[in-house]
Structure formats: structure tokens, C-alpha cells
Amino acid sequence: MLTIIMQIIQSMSKAGYPYDNAVMERYFNTLKNECTNLYEFQTEEIMYRTVEEFAYVIYNHMRPHSYNNYRTPYQARIV
């Protein structure tokens with residue numbers, strides 16, 4: 001069985017300037033800590049499906065955010 005370990009590094013600006021796009025930097029930090037760093041993906045397709053599920057299901061519909069008064073982004077949008 002072949003195991004592929006994805007080493008994902010995301011940055012929206014040069015090193016030392018994380019505030020240029022703080023929202024995306026925070027999202028990518030959450031994505032790595034709560035999704036991609038927890039698994040060793042067997043294929044690239046599995047990795048993409050896992051990230052997509054995290055983004056569209058867990059992050060937007062299940063995971064509360066302090067910025068939204070501990071509501072999910074979906075709940076914050078529909079109110």
C-alpha cells in the first residue's frame with residue numbers, strides 16, 4: 001500500500017507579513033490544524049475530498065466561530 005504524505009504550506013504574502021490577508025491566514029491555519037495535519041492521505045483525490053468536506057460541511061455548517069457569537073458561518077449569514 002502506497003502512502004502519500006502531503007506537505008502543504010500556504011502563505012498569502014511574504015514571510016513576516018501575515019496581516020496582509022489575516023482572514024485567509026487564519027482559515028489556512030484552521031484547515032491545517034483541524035483537517036490536513038491529522039491524516040496521511042492515500043491519494044490526492046482523497047485529500048481533495050477531505051478538504052472540500054471540511055470547508056463546505058464542517059467549517060461552514062458545523063463549526064461555531066467566536067467572531068459570529070459562536071454561531072456557524074451559515075447561521076450568521078441566514079439571520
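Things to note:
- Theoretical gain in end-to-end length, Asn69 to Tyr56 [0.36 nm per residue, Cα-Cα removed]: 2.7 nm
- Across segment 31-79, the mean sequence separation of Cα contacts (distance under 8 Å, 6 or more residues apart), normalised by length, yields a relative contact order of 24 percent.
- Modelled FRET efficiency - R0 22 Å, Val79 with Gln7, Cβ distances, 0.05 increments: 0.05
Any read-out appearing in this document is the output of simple, stated calculations on the displayed coordinates, not a laboratory observation. Since the model is a prediction, treat every value here as computed from it, not as a measurement. Methodologically, a virtual Cβ is constructed for each residue, glycine included, from the backbone with ideal geometry; neighbour enumeration extends over all protein chains shown.
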